[in-house]
Every structure is written in C-alpha cells, then in structure tokens.
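Contents: one structure, followed by commentary.
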Amino acid sequence: MKISCSKQALMNGINIVSKAVSTKSTMTNLQCILIESSLSEIRLIANDIELGIETIIEGTIVEAGKIALDAKLLSDYIRKLPDSEVTIETNANNIANIRCERSKFNIHGTSGDDFNYLPEVEKNRYISLSQFTLKEVIRQTIFSISSQENTKIMTGELFEVSGNYLRVVSLDGHRISIRKVELKESYDSMKVIIPGKTLNDISKILNGGADDEVLLYVTDRHILFEFENTKVVSRLLEGEFYKIDQMLSNDYETKFTINKKEFFDCIDRSTLLISESDKKPIIMNIENSSIYLKIDSSRGDSMNEEIEIKKEGKDLRIGFNPKFLMDALRVIDDEEVDIYMVNAKSPCFIRNADNSYIYLILPVSIAA
C-alpha cells in the first residue's frame, strides 16, 4: 500500500476513529487502527466490539492495500509532524514507512486480514434528523445517565420514536432528563437504549450543522449512525427501560417562574462553600414573591441570597443537591424557567409549556 494525504486530513480521521479503540483489551487488533485503501478511497477503521467507527479521508492512492497499526503510536506520531503532506508506504513485512518533509518513521503493524470490520446493519428501520438536533438532545440529557455498571440500563439513553416525534430519556436514580423534538417526517414506532459512551463519542464527532443530516438505522442489536464520510455502529443495551411516564405528573402545589441565569449563578456561587464529599443541600424557602437560598458548609461558612420570582400556590421549604439543579439549568436555553413542586419530599419538575424538555429532580431531606 502507498498513500499520501495532508496531515490535517489524516489527523482528523485518526481522532474520529480513535474513539472506538479499546484501552482495556489485550487483543492487539482492538488497540489498532486499520488503514485501508482501495482504488477510490482511503478508509480508517477502529472497532472495540461494542463500538465501531469508520471514516473516509481525502488523499492520493498510489497502491491499494491495508495495514493495522497501533492507534496510540500512530496518533502520537502524526500529531507531532509538520503541517504538510504525509506519505504512508507498507512493505511485505507489514512495516509502515511514514514520511513527512524530512521526517521518517517506521511502525511495525499487522496485515489487517483478521481485523474486526464493522458489522453489517440492515437499513429497514431508520430516522433522519439534523446533526444540530442530535448533538443538542445529547447535550441536554447525557449528564443524568448513571456511571454505575450494576444499573446497566441507566448507563444508556432511551431513544423513542412515535410518529414524527423523537423522545430522548436518561435517568440515574436521582433525576430524569427528557427532551422531545419534532422530526421532519413520520416514522414507524421504535424504542432503543443507546449506551451513553456511544452518544458522548457521537456528540464529539458531529459538526452540529443545522443543514447536515445524520441517519440512524436500527436493528434488534445494533444502531448505525451515518453522516458525511463517517459510519458509527454501536451495540444497543438489552432490557426494558424504566416506565418513566408513571413518574411524571402535572399536579403541583407550588409553581414559580425565575430568571434562569440569576438562579444558576446563585447556585453556582453556593457551591464554592462545599466540596464534592460535603453533600450539603441548598435550601430554598419559597415565600410570596421571593425565593431565599441558603447553604452551610461543614466548617461553618454560609451563604444567603434572595431572588425575585413569580409564584403561584403555597409557600414551601425544600432542599436539593445543587449540582443536579445546575446540570439541568445549564442546558436550558430559555431566559426564564418554570419550576413545579408538590411538597418537600416530592420531586420538582423544570419544564416548559409544550414539554419539549422536562427535568425531574428528587429533593434532599433537610432538618425542619
């Protein structure tokens, strides 16, 4: 094989597929990137079995072929090269000679004959949406997935299609995040649970263009994302997602509307007093047209602030994990937010009028 391309094109391709390189497995192929050139295109592929990524880069093909190279070594070396043309040439002993201006580097690889290519995914069931929309719904929900492997379903997100609507749901046992978006077309109903790691990686690869399409193809075991010159195939999480509709309610005893930035900044300031291990709640006293926020640190430091609100219903005293509130407020783009509460032991709901976003957060017990 002999190919040449710009350093930037090669580095971009390596950065994309590296997200599917295994960092834990001892199997050599799972730690490699396959460079494969045909008569018409140069492809880079990585596959750790759970996630596989393939992308096409622009370049000149002198001789077709393929080779699997250690992903970390390849990435580290290419990154340090000058911003110029890179030539990769392999020999019969599977040694890749990499040249760029005056730099020369040899890497021992393998033939790639037994490399794990991406699995074939049938294209019977699919939806289409913009890269901007997909990137946004991931950003606005991914923070509330669980990191605990013993609750495997919670480490992923539910993607549920009904007609021309897509609903994305994540939860971790303390909160629920829901985003609902309208699609341009109507599709057959489907429900899949996509691993959070896959969605995080997809979000980093997408350019986020409002006019750039991404196609999602779904089977019983896999999901395929196709966009631009890239394919991402991921295994789906197996099992039944939680019946979150039973946890949602329109009932409330207290509702208030508050300036989102002012509320976020106040909570943010309060976290300066506490450490991650402190786990001190922020206490809210909702009275008349004001909300009074208070937090005390373990060493005796304290903060008290007041924010004007528009309130309906009863006064209420309630406590929350400040991080959970900030996570939700951070991804809401509205200038003002509506917050609904029932009592000091029931979850609060942050949602807009058309329920295109809903954030449920469980309260923390506080002393009377």
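The values are calculated or read from the model by the stated rules, or taken from the named source; none is laboratory data. What you see is a predicted model; the values in this text were computed from it and never measured. Cβ atoms come from the backbone with ideal geometry, glycine included; neighbour counts cover every protein chain shown. Note: areas computed on protein heavy atoms with side chains; ligands, DNA, RNA excluded. Shrake-Rupley method; radii C 1.70, N 1.55, O 1.52, S 1.80 Å.
Per residue, segment 219-314 exposes an accessible area of 59 Å² to a 1.4 Å probe, with every protein chain left in place.
Rolling a 1.4 Å probe over the protein heavy atoms leaves GLU122 with an accessible area of roughly 120 Å². Accessible area ranking (1.4 Å probe, heavy atoms, ligands and nucleic acids excluded), largest first, for HIS222, HIS174, HIS108: HIS108, HIS174, HIS222.
3J(HN,Hα) couplings calculated from phi for segment 335-346 with the Karplus curve 6.51 cos²θ - 1.76 cosθ + 1.60 (θ = phi - 60°) are, in sequence order, 6, 10, 10, 9, 10, 10, 9, 9, 7, 6, 10, 9 Hz; Gly and Pro show x. As a fraction of the 1.4 Å probe accessible area of the chain, surface on carbon and sulfur atoms comes out at 45 percent.
Taking label points 7 Å from Cα along the Cα-to-Cβ direction, ILE95 and GLU287 give a separation of 8.1 nm. Could you name the aspartates and glutamates whose alpha carbon sits less than 13 Å from that of LYS345, not counting residues in the same chain fewer than 8 places away? Result set, ordered by chain and number: GLU253.
Can you give me the relative contact order of the chain as a percent, contacts being Cα pairs under 8 Å and 6 or more apart? Could the numbers behind the result be given before it?
Numbers: 822 pairs, mean separation 47.2, N = 368.
Normalised by residue count, the contact order of the chain is 13 percent.
Note on surface exposure: MET27, MET247 rank MET27, MET247 by accessible area, highest first, 1.4 Å probe. According to the square roots a ≥ b ≥ c of the eigenvalues of the Cα gyration tensor, what is the shape class of segment 74-132, taking rounded for a/c under 1.5, prolate for a/b larger than b/c otherwise, and oblate for the remainder? Oblate shape, in that a/c is at least 1.5 and b/c is the bigger or equal ratio. For LYS311, the accessible surface of its heavy atoms amounts to roughly 50 Å² (probe 1.4 Å, protein chains only, rounded to the nearest 10). Per-residue 3J(HN,Hα) values for segment 79-85, derived from phi via the Karplus relation 6.51 cos²θ - 1.76 cosθ + 1.60 with θ = phi - 60°, read 4, 8, 6, x, 7, 8, 6 Hz in sequence order (x marks Gly and Pro). Placing unit charges on the Cβ atoms only, positive for Lys and Arg and negative for Asp and Glu, gives segment 200-284 a dipole magnitude near 340 debye about its Cα centre.
Listed by chain and number, the lysines whose alpha-carbon sits under 17 Å from that of LYS279, ignoring those within fewer than 8 places in the same chain, are LYS294, LYS323. Of the residues TYR340, TYR126, TYR359, ranked by 1.4 Å probe accessible area with the largest first, the sequence reads TYR126, TYR340, TYR359. The separation of segment 122-145 from segment 168-246, counted between C-alpha centres, amounts to 4 Å. Annotation: per residue accessible area for segment 69-161 equals 53 Å², rounded to a whole number [probe 1.4 Å, protein chains only].
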